[in-house]
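Structure first, commentary second.
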Amino acid sequence: QTGFKYSIDYFGAYQNFAVPEKEEDKPFFANHYHLDKPCSKNMLKIFIPMAELEMSDGPLEVIDINQTEQYLFKKKNIEDAEISYLVGGLGDVFLCKLNVCLHKAGNPIKGHTTNLIMIQLNPSRKWHLNANIYQRQFKLEPKFTSLTNKFVKRIVIN
């Protein structure tokens, strides 16, 4: 669909718990609107729910690219934006370009959690699996992926 082949460079499993309302202004788990930078402009992220995700579970919140541009460049009020919530269940897959769309982790209601698998894809000449993917899963999501991926060994996917 995108015209690119990709390198699978990172994956992680996330479980977000409720943040008390009086503490929501603190950064807990990407719970403030942001863009994923600095990554390749063609980086994609795939999110796969590990359980049913409903509004009470604090799903990922995404603002589309046009509204993101209005907010960033025209200083529109973010509260006026139309938000997409990644709700769904087992078998659903969400594909996002989060370096151009403002997004944040939603805040689950007390007693609920968000359970997602995230896979990060970066453009490549061939489909690859990063040879260090196993070690990377135990670290924070890598930054500067377009630079660091030039120095890693890759395994070709047939």
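The values are calculated or read from the model by the stated rules, or taken from the named source; none is laboratory data. Please read all numbers here as calculations on a predicted model, not as lab measurements. Every residue, glycine as well, gets a Cβ built from its backbone with ideal geometry; the counts of neighbours run over all protein chains shown. Calculation scope for accessible area: heavy atoms of the full protein, side chains included, ligands and nucleic acids excluded. Shrake-Rupley method; radii C 1.70, N 1.55, O 1.52, S 1.80 Å.
Listed values, structure above:
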read-out	value
Residue that is charged (D, E, K, R), over 23 Å from Ile8 (Cα atoms) and under 12 Å from the mean Cα position of the chain (by Cα), where the choices are Glu61, Glu24, Glu82	Glu61
Tyr85 being within 10 Å of Tyr33 (Cβ to Cβ), open to solvent by 70 Å² or more (accessible area, probe 1.4 Å) and in contact (Cβ under 8 Å) with a residue 24 or more places away in the chain	no
Residues of the range 19-37 that turn out to be open to solvent by less than 40 Å² (accessible area, probe 1.4 Å) and among the aliphatic types (A, V, I, L, M), as a count	1
Index of the failed condition, Glu79 passing every other in (1) modelled with pLDDT of 85 or more; (2) assigned to a helix (DSSP H, G or I); (3) within 25 Å of Glu24 (Cβ to Cβ); (4) open to solvent by 60 Å² or more (accessible area, probe 1.4 Å)	(1)
Residues satisfying the stated conditions in the range 56-76, i.e. on the phi > 0 side of the Ramachandran plot and exposed (fewer than 13 other Cβ atoms within 10 Å of the Cβ)	Lys75
The range 26-37 residues that are more than 15 Å from Leu72 (Cα to Cα), paired with ones that are open to solvent by less than 60 Å² (accessible area, probe 1.4 Å) and assigned to a loop (DSSP other than H, G, I, E, B) (beta carbon under 7 Å, 6 or more apart)	Phe28/Val19; Phe29/Ala105; Ala30/Ala105; Asn31/Val19; Asn31/Ala105; Asn31/Asn107
